[in-house]
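Take a look at the structure below.
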Amino acid sequence: MASSSPPSTYNLKGGGDQHIIPTDQNVLQKHVAFFDRNHDGIVYPSETFQGFRAIGCGFFLSTFAAVFINVGLSRKTRPGKSLSLLFPIEVKNIHRAKHGSDSGVYDSEGRFVPGKFEEIFSKHARTNSNSLTSDELMGMLKANRVPKDYAGWLASWTEWKILYILCKDKNGLLPKQTVKAVYDGSLFEQMEKERSSSKKKAVV
């Protein structure tokens with residue numbers, strides 16, 4: 001899926017050196033592109049459902065996610081176009097659907113902001129500097145809330161709660177490397193491969 005915007009840049013160390021991502025997708029687009037199952041640049045509710053099922057979510061959670069995400073984001077990613085009851089999401093415009101009360105790790109153009117990512121753990125990880133407990137995660141969400149931004153509160157809570165449920169370790173910690181991987185979409189690919197591999201082993 002091609003984008004008309006130039007390659008995104010992000011700061012690897014929070015200093016002056018810039019690193020160009022070798023792709024025509026920014027990081028937020030890569031995060032969403034996993035759910036574009038047929039790679040046509042559009043994500044329909046059925047594809048969102050398939051994507052959540054592919055990473056191991058149950059039928060009801062996948063159905064909820066498909067409705068919640070596509071109904072909530074579709075129109076924002078289709079500027080100048082009328083409402084479609086198919087609720088498509090245009091991947092190239094996903095930055096337009098960025099909600100408030102978030103961590104700020106994605107900027108307004110969908111680029112990754114390393115300093116904001118590090119703040120998640122420097123400010124909120126108290127038990128383990130490289131992981132978040134459930135309580136620390138809730139504390140972060142509360143700290144990021146913009147007054148009266150109820151839609152943003154709900155969106156952030158839903159996103160992080162699903163991530164925590166799916167990816168916490170045996171000690172109830174959400175690892176930093178897992179959070180980093182979800183921001184660029186690589187976590188979804190990894191989860192799908194692991195689930196597919198587990199299914200093959202079970203058959204054998």
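Among L86, A143, S129, whose Cα sits farthest toward the positive end of the charge dipole of the range 60-204 (+1 at Cβ of Lys/Arg, -1 at Cβ of Asp/Glu, about the Cα centre)?
It is L86, whose Cα lies furthest towards the positive end.
May I ask you to rank E136, E109, E119 by accessible area, largest first, using a 1.4 Å probe over the protein chains only?
E109, E119, E136
How much accessible surface does S108 have with a 1.4 Å probe, in Å² rounded to 10?
80
Accessible surface of V182 in the full protein assembly, 1.4 angstrom probe, to the nearest 10 Å²?
My reading of the accessible area for V182 is about 20 Å².
Give me the dipole magnitude in Debye, nearest 20, for the chain about the Cα centre, with unit charges on the beta carbon: positive for Lys and Arg, negative for Asp and Glu.
380
Could you tell me what percent of the accessible area of the range 90-177 is made up of carbon and sulfur, with a 1.4 Å probe and every protein chain present?
On the way: 2370 of 4730 Å².
Solvent-exposed carbon and sulfur of the range 90-177 make up 50 percent of the total.
Normalized C-alpha radius of gyration of the range 61-204, against 2.2 N^0.38 Å?
Compared with the compact-globule rule of thumb, the range 61-204 sits at 1.15.
Can you tell which of V105, F117, L154 lies farthest toward the positive end of the dipole of the chain, using +1 and -1 charges on the Cβ of basic and acidic side chains (Lys, Arg; Asp, Glu)?
Working it through, the farthest residue towards the positive pole turns out to be L154.
Given a cut-off of 26 Å, name the pairs among K30/K170; K116/K142; K92/K148; K30/K76; K170/K193; K168/K193 whose C-alpha atoms lie farther apart than that in the structure shown.
Those over the limit are K30/K170; K92/K148.
Could you work out how far the C-alpha centroid of the range 154-204 sits from that of the range 98-127, in angstrom?
Here the two parts' Cα centres lie 19 Å apart.
Any idea of K168's accessible area? Nearest 10 Å², probe 1.4 Å.
100
Rank R78, R37 by accessible area, highest first, at a 1.4 Å probe radius?
R37, R78
Taking Cα pairs under 8 Å and at least six residues apart, what relative contact order does the chain come out at, in percent?
Working: 285 pairs, mean separation 42.3, N = 204.
Computed over the chain, the figure is 21 percent.
Under a 1.4 angstrom probe, counting protein chains only, how are L174, L73 ranked by accessible area, largest first? Show your work: numbers first, answer last.
Values: L174 0, L73 45 Å².
Most to least solvent-accessible, the answer reads L73, L174.
The values are calculated or read from the model by the stated rules, or taken from the named source; none is laboratory data. In this text, all values refer to a predicted model and were calculated from it rather than measured experimentally. Every residue, glycine among them, receives a Cβ derived from its backbone with ideal geometry; neighbour counts consider all protein chains shown. What goes into the accessible areas is simple: the full protein's heavy atoms, side chains included, and nothing from ligands, DNA or RNA. Shrake-Rupley method; radii C 1.70, N 1.55, O 1.52, S 1.80 Å.
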